[in-house]
Amino acid sequence: MRSAQFMVILVAAMMLLSGNASASLYQLSKISGSVYAAIAEPNGKAASNAFFVVTDYEVILAGAHFIPEGVKELLAEIGKITPLPVQKVILTHHHRGFNYLDFDLPEKSEIVASVNVWQALKGESREFKNPAVVFENVLTLNRGKTSLVIMNAGPGHSTGDVIVYLPKESILFASDLLFHDTVGFMGEASIHEWGESLDMMERLAPAIVIPGVGKVADSGAIERFRKFYRAFMTEIIRNVEKGNSFSQAKKEFSLPQYKSLPGYDTFLEVNLERAYKQFKSSR
């Protein structure tokens, strides 16, 4: 098994094992009249944020890294807010090789996925049992006063990422294309394309941003992550152009201004390896 693949599995296992089974996995907060953010508790089993919208006749849930315990908790919390069923789940991305993620979704819910996400799901050994709507570029769901614009951003954080924008409310759910004041997992990233996705999200100029990791923020969170992303890539390019081997790059890589961010040390090696190999191969 390649070292990068091993690190992906190791990191995911650490996330799943670090949480307390009796503790809440998400912290819910009301964003607007019908929009709620489900922020993953730090160091818990839920590795990514989710959000949901209560429409006139159904609840639409969005997110990724869904585990059975997390789905159960989200359904229970939604049930306290509304008797309406969760009829749609927008799956924003899926990491290949993780059959325990994103498969145990509400039985009667219809899954909305981009072509990229669907291909990742269908490549797993488990059978995906939910009905699904698969789209290529953009899908708009109009539900009474609420519209959800679901956009396929393509490869970025993973082999395929989806964002959800509510134009009337000016709310963006960026999923793991955005880490807010933290460093997240970049071990399956498409390094060059990720920057293009950040450009696109910034052009939307959302008033409220729900990141994949971190707290709810405004559009400034996109710019702050962009600055980290540019600094990270600049340091990678410096090492590659210098002719450093990967082991040398690990020793010389330095971003002191970001070293205090949560997740920096945890994900440094796997993130560095992914970016180094992509830049090295593209020269």
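When segment 37-63 is limited to residues that are aliphatic (A, V, I, L, M) and over 24 Å from G160 (Cβ atoms), the one that is most open to solvent (accessible area, probe 1.4 Å) turns out to be V54. Number of residues in segment 194-237 that are among the small types (G, A, S), assigned to a loop (DSSP other than H, G, I, E, B) and within 15 Å of the chain's Cα centre (by Cα): the value is 1. Only residues that are assigned to a loop (DSSP other than H, G, I, E, B), over 22 Å from V164 (Cα atoms) and of a type in the set (D, E, K, R) were counted across segment 70-107, and they come to 1.
When G187 is tested against the conditions (1) more than 23 Å from D104 (Cβ to Cβ); (2) open to solvent by less than 20 Å² (accessible area, probe 1.4 Å); (3) in a strand (DSSP E or B), the lone failure is (3). Residues considered: S34, S22. Of these, the only one that is among the hydroxyl-bearing types (S, T, Y), open to solvent by 30 Å² or more (accessible area, probe 1.4 Å) and either at pLDDT below 95 or under 24 Å from V209 (Cβ atoms) (or both) is S22.
Considering segment 238-267 alone, what residues qualify as being assigned to a helix (DSSP H, G or I), more than 20 Å from K215 (Cα to Cα) and of a type in the set (S, T, Y)? Once the filter is applied, which keeps residues that are assigned to a helix (DSSP H, G or I), more than 20 Å from K215 (Cα to Cα) and of a type in the set (S, T, Y), segment 238-267 yields only S247.
Considering only residues that are of a type in the set (D, E, K, R), open to solvent by less than 60 Å² (accessible area, probe 1.4 Å) and at pLDDT below 95, which ones fall in segment 122-174?
Passing the criteria: E124, R143.
On inspection, V117 passes the criterion of being β-branched (V, I, T), surrounded by 24 or more Cβ atoms within 10 Å (Cβ to Cβ), touching a residue at least 12 places away in the same chain (Cβ under 8 Å) and outside any strand (DSSP E or B).
The values are calculated or read from the model by the stated rules, or taken from the named source; none is laboratory data. What you see is a predicted model; the values in this text were computed from it and never measured. A quick note on method: Cβ atoms are made from the backbone with ideal geometry, for glycine too, and the neighbour counts reach across all protein chains shown. Side chains included, ligands, DNA and RNA excluded: accessible areas come from the protein's heavy atoms. Shrake-Rupley method; radii C 1.70, N 1.55, O 1.52, S 1.80 Å.
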